[in-house]
Ligand code: AMP
Ligand code: GLY
């Protein structure tokens, strides 16, 4: 079989490694991929949003199955276009990917179907938004409606900060058209849990839960990033909470999308907050999370390609999705200065003994050598019987990789371990 994976980060690297466990897979093309992925797949320099070129490539190369991983191509209709050319695909069509593509859509959906989430107001006029903030409770959260490279959310601790976020989005166009409409919502508190779920539009099968570490520095200090590490499973997410989420959030969301005529097929990511009033949805993503995927997939016992094909064909219900016991930890190694500014082109030390546990996010091949080409450069993953063991192994391996100016958080999993002990 020939597979195609659209995207080019650590998530895609993890997907490709797992897909290749199926012996029927002969070739995996990755568009555009990266220097590290090139060691596991055939990388083709076609951008993830160049839909016409992706479709032409898939068609000409007789791709049997495609996986569209990032948000932008999904929202732009990459799956619709591939399916239109008869290529089976894992991923939602554009009319379902809107669940991530528009926060206003997601919030209105939850309101209409009684799915627990933060109270909110929607604004497409700056003066109205600012007037609302004059008397709104603080802290408060300001969110750009559209995709904003994960940077469209401001958790404002003061009224002034909230006003600035509104002005930057609506007057200064910080997020382009994505910021023309805003959601302003209630500030919630509680541990956060990421739950990715396979769904074919009828049936939903949640994956192992996970915990992201979004801030750049230890102790959850420093600026927000694309994610500095993950662990799975998330100890806050007990069996009782999982059952409650299934009843109040997962099934109602799948049903709501179906009723709206937007059946969701693919991986639906539930960003949850376990508030004192029960689990609530913080955000939906229409795709696998990054770097959540790097800890979730190593714990998948079932064959990923089989599960993805069943999802695409609407046969998820009769397809077993099984998980290993145990835990996983992924430590992201970033380039000094990330997420603000950083240099590229540093040669990467990556011994063969750890390479199979490293998912490359931002590296290029130069004269046969791997050099950094992004802020988040790679993620080092380990599994273990316990979370303690997984964390220890991940850090032992992380110590063996590196490049000039590299840094990583030393406390990935620490909060999870503390929670387990309570
Ligand atoms: P981002 O990854 O940029 O979308 O940021 C989302 C993060 O903002 C979440 O992981 C939460 O930590 C935080 N957040 C979003 N909405 C809320 C909310 N209503 N209350 C508190 N924190 C929130
Ligand atoms: N790790 C968060 C995300 O993928 O959006």
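The values are calculated or read from the model by the stated rules, or taken from the named source; none is laboratory data. Keep in mind that what you see is a predicted model, and the values were worked out from it rather than measured. Note: ideal-geometry Cβ built from the backbone for every residue, glycine included; neighbour counts use all protein chains shown.
How many of the residues in region 159-180 are in a loop (DSSP other than H, G, I, E, B) and under 13 Å from residue 130 (Cα atoms)?
1
Being in contact (Cβ under 8 Å) with a residue 24 or more places away in the chain and part of a helix (DSSP H, G or I) is the requirement here; does residue 328 meet it?
no
Please pick out the residue among 72, 52 that is within 16 Å of ligand 1 (Cβ to nearest atom), in contact with a helix residue (DSSP H, G or I) (Cβ under 9 Å, 6 or more places away or on another chain) and over 16 Å from residue 312 (Cα atoms).
Exactly one residue qualifies, and that residue is 72.
Within region 166-177, how many residues turn out to be surrounded by 17 or more Cβ atoms within 10 Å (Cβ to Cβ) and away from ligand 1 (no atom under 12 Å from the Cβ)?
Qualifying residue count for the region: 3.
State which residue pairs qualify: first residue more than 11 Å from residue 100 (Cβ to Cβ) and away from ligand 1 (no atom under 16 Å from the Cβ) and inside region 280-299, second residue assigned to a helix (DSSP H, G or I) and modelled with pLDDT of 95 or more in any location, beta carbons under 6 Å apart, and separation of 6 or more residues or different chains.
Partner pairs satisfying both residue conditions: 294/10; 294/14; 297/14; 297/18.
If only one of 195, 183, 155 is surrounded by 22 or more Cβ atoms within 10 Å (Cβ to Cβ) and more than 22 Å from residue 76 (Cβ to Cβ), which one is it?
So the residue among 195, 183, 155 that is surrounded by 22 or more Cβ atoms within 10 Å (Cβ to Cβ) and more than 22 Å from residue 76 (Cβ to Cβ) is 195.
Yes or no: residue 382 free of Cβ contacts under 8 Å to residues at least 24 places away in the same chain, surrounded by 14 or more Cβ atoms within 10 Å (Cβ to Cβ) and either within 24 Å of the chain's Cα centre (by Cα) or more than 30 Å from residue 258 (Cβ to Cβ) (or both)?
no
For region 387-405, which residues satisfy the criterion of being within 22 Å of residue 225 (Cα to Cα), buried (at least 19 other Cβ atoms within 10 Å of the Cβ) and within 25 Å of the chain's Cα centre (by Cα)?
391, 394, 398, 401
Here are the criteria: (1) closer than 18 Å to residue 282 by Cβ; (2) more than 20 Å from the chain's Cα centre (by Cα); (3) within 15 Å of ligand 1 (Cβ to nearest atom). Tell me which single one residue 221 does not satisfy.
Exception for residue 221: condition (1).
Within region 218-233, take every residue that is assigned to a loop (DSSP other than H, G, I, E, B) and within 13 Å of ligand 2 (Cβ to nearest atom) and give me the one that is nearest to residue 333 (Cα to Cα).
The qualifying residue nearest to residue 333 (Cα to Cα) is 228.
Which residues, counting only those in region 135-155, are in contact (Cβ under 8 Å) with a residue 60 or more places away in the chain and more than 18 Å from the chain's Cα centre (by Cα)?
Selection gives nothing.
State whether one or more residues within region 101-115 are touching a residue at least 40 places away in the same chain (Cβ under 8 Å), touching a helix residue (DSSP H, G or I) at 6+ places or on another chain (Cβ under 9 Å), part of a helix (DSSP H, G or I) and within 30 Å of residue 28 (Cβ to Cβ).
yes
Does residue 241 qualify as being within 22 Å of residue 417 (Cα to Cα) and assigned to a helix (DSSP H, G or I)?
So residue 241 passes the test.
If you take the residues of region 187-217 that are outside any strand (DSSP E or B) and closer than 28 Å to residue 341 by Cα, which of them is nearest to ligand 1 (Cβ to nearest atom)?
The selected residue is 214.
Considering only region 140-152, how many residues are away from ligand 2 (no atom under 15 Å from the Cβ) and either under 27 Å from residue 72 (Cβ atoms) or surrounded by fewer than 17 Cβ atoms within 10 Å (Cβ to Cβ) (or both)?
The total comes to 3.
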